Amino acid sequence: MEDHLKLLFPPEEIHLAVTRLANEIRRDFAGKMPLFIGILKGSFIFLSDLVRASKIPLEIDFIRAISYGSRHVSSGDVRITKDIETDITNRHVILVEDIVDTGLTLNVIVERMKAKNPADLKICALVEKHIRREMPVKIDYLGLSAKDGFLVGYGLDYNEKYRYLPGIYIIEKQV
Ligand code: 5GP
C-alpha cells in the first residue's frame, strides 16, 4: 500500500511563516553576528530559507541528535551523533529546529549549549506539536502549529522519503 499524504501547509504558507520569523530575527539580531545552529537532518531546508530571508550577516553550524526508541513513544534517550564545531562562548546563538514534538531532543541540546556559556540562546522552530509536549520548551520564534500526526516534506522525512516536497503533509497511512 502506498503512503497517503494530505497537504497541511502549502509552500506559500511556509514561505510567509519563514519570512515572518526572519524579520523577527533581523529585528533582534542585526549587527550581532548571530550563530544559527541547524538541528540535522530535518532543518536543512528551513535553515537555508531562513538565513536567506533574514538578510543579515550571520554564521551557521550544525548539530545532529538521534532519539532512541520508537518515534511515537519517546524513550528520552537522546544521543548527539554530530556536534557543533564553533566556540559559542559569548555568542548570540539561535537553535533552528524543524519540529518540536515531545521537546526531549531540544531539551538535551539546550542544556548542552547552555553549558558552553553563550551570550544568548534562542530557539527558532518551524512547527510545534503542542499536544505531545513532555518537556517544557520555550520557543522564541515559532512558525506554524500542528495537531498530532506525522509530518513530511520541506526537509522532513519518513524513512528518508519525502524531504524534497515543497509543502508539508500529514501521512495518513503508513506502510
Ligand atoms: P522531540 O524530541 O521533540 O519529540 O522530537 C524532535 C525530533 O523528532 C524533530 O527534530 C524531528 O526530527 C522528529 N520529529 C518529530 N515529529 C516529527 C514529525 O511529525 N515528522 C517528522 N518527519 N519528524 C518528526
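The values are calculated or read from the model by the stated rules, or taken from the named source; none is laboratory data. Everything numeric here is computed off the predicted structure, so don't read it as measured data. Here the Cβ positions follow ideal geometry from the backbone for every residue, glycine too, while neighbour counts run over all protein chains shown.
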Worksheet, complete the sentence: Selection over segment 128-175 where residues are touching a His at 6+ places or on another chain (Cβ under 6 Å) and within 21 Å of VAL18 (Cα to Cα) yields a count of 0
Worksheet entry | Candidate set: segment 149-175, residues that are part of a strand (DSSP E or B) and away from the ligand (no atom under 11 Å from the Cβ); chosen: the one surrounded by the most Cβ atoms within 10 Å (Cβ to Cβ) | GLU172
Discussion item. Residue under question is LEU5, and the condition is that it be under 17 Å from TYR169 (Cα atoms) and buried (at least 16 other Cβ atoms within 10 Å of the Cβ); does it hold?
Written reply: yes
Practice prompt. Would you please list the contacts, defined by Cβ atoms under 9 Å and residues six or more apart or on different chains, that run from a residue in segment 101-118 that is more than 15 Å from LYS138 (Cα to Cα) to a residue that is acidic (Asp, Glu)?
Written response: ARG112/ASP83; LYS116/ASP87
Discussion item. Given the criteria part of a helix (DSSP H, G or I), of a type outside the set (Val, Ile, Thr) and either within 25 Å of SER145 (Cβ to Cβ) or at pLDDT 95 or above (or both), does PHE36 qualify?
Written reply: no
Fill in: segment 128-148 - residue that is within 16 Å of LEU8 (Cα to Cα) and in contact (Cβ under 8 Å) with a residue 60 or more places away in the chain and, of those, nearest to the ligand (Cβ to nearest atom)
ALA146
Worksheet item: Among the residues of segment 82-104, which ones are acidic (Asp, Glu) and more than 6 Å from the ligand (Cβ to nearest atom)?
Response: ASP83, GLU85, ASP87
Discussion item. Among (1) over 24 Å from LEU165 (Cβ atoms); (2) in a loop (DSSP other than H, G, I, E, B); (3) aliphatic (A, V, I, L, M); (4) at pLDDT below 95, there is one condition VAL108 misses while meeting the rest; what is its number?
Written reply: (2)
Item to complete: Mind telling me which of the residues LEU121, LEU144, LEU106 ends up being touching a strand residue (DSSP E or B) at 6+ places or on another chain (Cβ under 8 Å) and more than 18 Å from ILE37 (Cα to Cα)?
Response: LEU144
